[in-house]
Structure formats: C-alpha cells, structure tokens
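One structure is given here, and the rest of the page talks about it.
The values are calculated or read from the model by the stated rules, or taken from the named source; none is laboratory data. Fair warning: this is a prediction, and the values are worked out from it, not measured in the lab. Here the Cβ is made from the backbone with ideal geometry for all residues, glycine too, and neighbour counts use every protein chain on show.
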Amino acid sequence: MPLIRDRIQEVREKIANKLAALGRDDATIVAVTKTHPVESVEEALRAGIAHIGENKVQEALRKIPMLREPYEGFHFIGHLQSNKINNLLSLKPALIQSVDSLYIAQKLNASLGRKNLTQDILIQVNTTAEASKSGVSFANAEDMLWQIAALPCLRVKGLMTIGLMSIDPEKTRPYFAMLRELFERFGKLEIPGVEMRYLSMGMSDDYLVALEEGSNMLRLGSVLFGARDYGARQ
Ligand SMILES: *Cc1c(COP(=O)(O)O)cnc(C)c1O
C-alpha cells in the first residue's frame, strides 16, 4: 500500500499538469477523510493538505477536535439533518457544501442567527437526477438560490455536485458542463450576498474531467487514502 504522502504527491502532480494544460492555477483539494482514522488525517495534513471534508456530523465531532495538526478549513459535504446543525456549527466549518433544500437552509439560518454567526455555504445540485442523491434539481436551482440569498446568515459561495457513480468519467462530463453553465449564469445575476466562487465537482474517479469542465474545488477520498472500510468507520 502506498503511503498517503506519496498518493497526495502523485495526485497533486496530476492536478498541476492538468491545470497547466488548461492555463489555470486555481483548484482547491478537499481531502475527504470519512471512515479514515485521525492518524491518517494528520498524515495528510503533514503532507500539505489544508482542507478536509467529512460527510457525517457524528464522525466529524469525534475526529476533528482530536487533530493536532493545523488545517485551513473543515468542509461538511454530507446530507445535513436539522437536529445535527448545532453540533456541526460547533466545529466551525469553513464551508458547508451540501445545502440541499430550503428547509435545511432555513434551519441553518435560524441557528446561526441565534449565535450571531454567518456561514459560507454551497448549494448542492443533483445534476444527474438520481433518486439516491440529495440536492436541488436543475429546474429549482435558481429559485432556491434567490430564496437562500434572502436568508441573512447564509453566504452562498457557489455550487456543488456529485457525478455519476460510473467507472467511465466521460459519462459524467455533460453533467459537470451543465453545472458550470449554471454557475456562470448565476454569477451574472449579481444577487446581493451571493458570490459564485467555488464550483465543487470532481471526486477520485472523475476529478480530471471535472477540472476540464471548470471545477475549482475537488473532493478527493479514496485516491488519497485508499479504499474505505465502512465496517471500521472511525
Ligand atoms: C465520499 C465523498 C467524496 C469522495 O469520494 P471518493 O470517490 O473516495 O473520492 C466526495 N464527495 C462527497 C460528497 C462524498 O461523500
């Protein structure tokens, strides 16, 4: 098994080469640490990872406070339940990437208001329209954007999506392209308090295609840490 450090180095090089070919230099790696132990997360941080992502509040609550290495941002990337909001906010997430309904946006806004906080978020769009995935539909995304923009404690910073669970990343390319078009269109709306800054798309199997389609935030798990063992969820 290659070391996490070596995997990170290899992926970084691939990303750098792709960005150079595209004439860009602007992609943030969010290392998705779900199921991996604190020691592995620390190894990644020592290897230069600055952003980490978890998709379960309970797991994040156990792990994040144990980290002894500094990190720049903790990202929440999973479906958020309203009864977990306060626990999540206690971890001071840099970005909640997975706001997937007006209901959860309103609950989040209310909790933040009581604490006098604001929160950067992304709206999760279910680009592939698979029932197993959360996220707002393409058709409802603009309505959602306007409604969330009106909530004073939330700052929309962009869009997030999950591609197809397919071994062929080319199958996901059109969905990434559609989200980038939406991202660009939303940017032109100039909605107060909304900034289209992060386009979070691309995971271990499709991150190079995602970069080609304009992603500037990659969420990478298994390509950095190896396969996940859900039986051993930390
Ligand atoms: C698990 C997860 C990832 C990372 O998946 P890999 O295929 O292991 O890179 C990215 N985004 C979300 C929302 C996830 O839940």
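With the requirement that a residue be part of a loop (DSSP other than H, G, I, E, B) and either in contact with a Lys or Arg (Cβ under 7 Å, 6 or more places away or on another chain) or over 17 Å from V136 (Cα atoms) (or both), what does segment 158-190 give you? I162, L164, M165, S166, I167, D168, T172, E190, listed by residue number. Across segment 191-220, the qualifying residues are those that are part of a strand (DSSP E or B) and within 13 Å of the ligand (Cβ to nearest atom), and the one among them that is surrounded by the fewest Cβ atoms within 10 Å (Cβ to Cβ) is L220. Screening K63 against (1) touching a residue at least 60 places away in the same chain (Cβ under 8 Å); (2) among the charged types (D, E, K, R); (3) farther than 24 Å from S40 by Cβ leaves a single unmet condition, (3). Being over 30 Å from M66 (Cα atoms) and modelled with pLDDT of 95 or more is the requirement here; does S222 meet it? Taking the combined requirement at face value, the residue does not satisfy it. Taking V30 as the residue in question, decide whether it is within 13 Å of the ligand (Cβ to nearest atom) and assigned to a helix (DSSP H, G or I). Spelling it out, it is not the case that V30 is within 13 Å of the ligand (Cβ to nearest atom) and assigned to a helix (DSSP H, G or I).
Of the residues making up segment 30-60, those that are without any contact (Cβ under 8 Å) to a residue 40 or more places away in the chain and charged (D, E, K, R) number 4.
To keep it simple, each residue is scored yes or no on (1) within 16 Å of the ligand (Cβ to nearest atom); (2) among the aliphatic types (A, V, I, L, M); (3) farther than 19 Å from M203 by Cα.
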residue: T35; (1), (2), (3): yes, no, no
residue: V38; (1), (2), (3): no, yes, yes
residue: H75; (1), (2), (3): yes, no, no
residue: S98; (1), (2), (3): yes, no, no
residue: R114; (1), (2), (3): no, no, yes
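Residues of segment 56-87 that are assigned to a loop (DSSP other than H, G, I, E, B), touching a His at 6+ places or on another chain (Cβ under 8 Å) and buried (at least 17 other Cβ atoms within 10 Å of the Cβ): Y71 alone.
Just a yes or no: is a residue in segment 146-157 of a type in the set (S, T, N, Q), more than 16 Å from the ligand (Cβ to nearest atom) and in contact (Cβ under 8 Å) with a residue 40 or more places away in the chain? Yes: one or more hits.
Every condition in (1) touching a strand residue (DSSP E or B) at 6+ places or on another chain (Cβ under 9 Å); (2) of a type in the set (D, E, K, R); (3) within 15 Å of the ligand (Cβ to nearest atom) is met by K188 except one, and the failing one is (3). Determine if segment 107-119 includes at least one residue that is touching a residue at least 40 places away in the same chain (Cβ under 8 Å) and closer than 21 Å to N55 by Cβ. Yes, segment 107-119 contains at least one residue that is touching a residue at least 40 places away in the same chain (Cβ under 8 Å) and closer than 21 Å to N55 by Cβ. For segment 97-149, a tally of residues being basic (K, R), modelled with pLDDT of 95 or more and either buried (at least 22 other Cβ atoms within 10 Å of the Cβ) or outside any helix (DSSP H, G or I) (or both) returns 1.
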